[in-house]
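Notes to accompany the following structure.
The values are calculated or read from the model by the stated rules, or taken from the named source; none is laboratory data. Just so you know, these numbers come straight off a predicted model, no measurement behind them. Cβ placement follows ideal geometry from the backbone for every residue including glycine, while neighbour counts extend to all protein chains displayed.
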Amino acid sequence: MARKSSSEPSTRTSVTLSSQVYSSLESIAKQKKVSVAWVIRDAAERYVAEQWPLFAGASHE
């Protein structure tokens, strides 16, 4: 899944994850040679697309 253009507005957020979940994310990131943040963004974008398939890429505010 491609990352959106850097000119697109974004929002920074903070989440608390269990050590086990974070460790799993680190393993995935290492395997894919990307950052943990990239893995989380990718997962969030996929989740939103799955929940609202007709609005993929649109704002849900």
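Return a yes/no flag: does segment 41-51 have any residue that is aromatic (Phe, Trp, Tyr) and at pLDDT 95 or above. Can you show your working first?
In the first step, residues of segment 41-51 are kept if they are aromatic (Phe, Trp, Tyr); the result is 47.
Still in the list and also at pLDDT 95 or above: none.
Among the residues of segment 41-51, not one is aromatic (Phe, Trp, Tyr) and at pLDDT 95 or above, which makes the answer no.
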- Message: Six or more apart or on different chains, Cβ atoms under 8 Å: show the pairs whose first residue is in segment 1-15 and at pLDDT below 60 and whose second is not in a loop (DSSP other than H, G, I, E, B).
- Response: 1/42; 1/45; 1/46; 3/38; 3/41
